[in-house]
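Report on one structure; see the data block that follows.
The values are calculated or read from the model by the stated rules, or taken from the named source; none is laboratory data. None of the values given here were measured: they were computed from a predicted structure. Cβ atoms come from the backbone with ideal geometry, glycine included; neighbour counts cover every protein chain shown.
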Amino acid sequence: MSEIDLKPKQKTKVQRPKLYKVVLVNDDYTPREFVVLILKAEFRLDMAQAEVVMMTAHQKGACVVSVYPKDVAETKATRAIDAAGQLGYPLQFTVEPE
């Protein structure tokens, strides 16, 4: 006869990664069309979503673009800032804990 293991099995809780929001910060120099282009290309927003985010940031000073795990949020924000910088635009995104 085989022995039966009656010890309770320990459950390990898998913690979900903390999420971070990428925030578009308004500036008065970056053309609106370029902001929409970046939102579509880097953040995969469709045209309507990109225009709403751009206009909200323009009117309120900032707007949450999307929420990601920290490394993804930082990478996307950095790539968007770098793309704008290459064309001389001061476009800024911040990454903040949700």
With the condition kept exactly as written, say whether any residue in the stretch 24-31 is farther than 20 Å from TYR89 by Cβ and either outside any strand (DSSP E or B) or at pLDDT below 95 (or both).
-> no
In the stretch 24-45, residue nearest to ARG79 (Cα to Cα) [restricted to those that are under 15 Å from the mean Cα position of the chain (by Cα) and of a type outside the set (A, V, I, L, M, F, W, C)] = GLU42
Just give me the residues in the stretch 13-23 being part of a loop (DSSP other than H, G, I, E, B), among the charged types (D, E, K, R) and either closer than 10 Å to SER66 by Cβ or within 19 Å of the chain's Cα centre (by Cα) (or both), in sequence order.
-> ARG16, LYS18
Scan the stretch 74-98 for residues that are out of contact with any Lys or Arg (no Cβ under 9 Å at 6 or more places or on another chain) and not in a helix (DSSP H, G or I) and jot them down.
-> LEU87, GLY88, TYR89, PRO90, LEU91, GLN92
Hey, does the stretch 36-58 have a residue that's at pLDDT below 95, part of a loop (DSSP other than H, G, I, E, B) and either farther than 18 Å from PRO97 by Cβ or not aliphatic (A, V, I, L, M) (or both)?
-> no
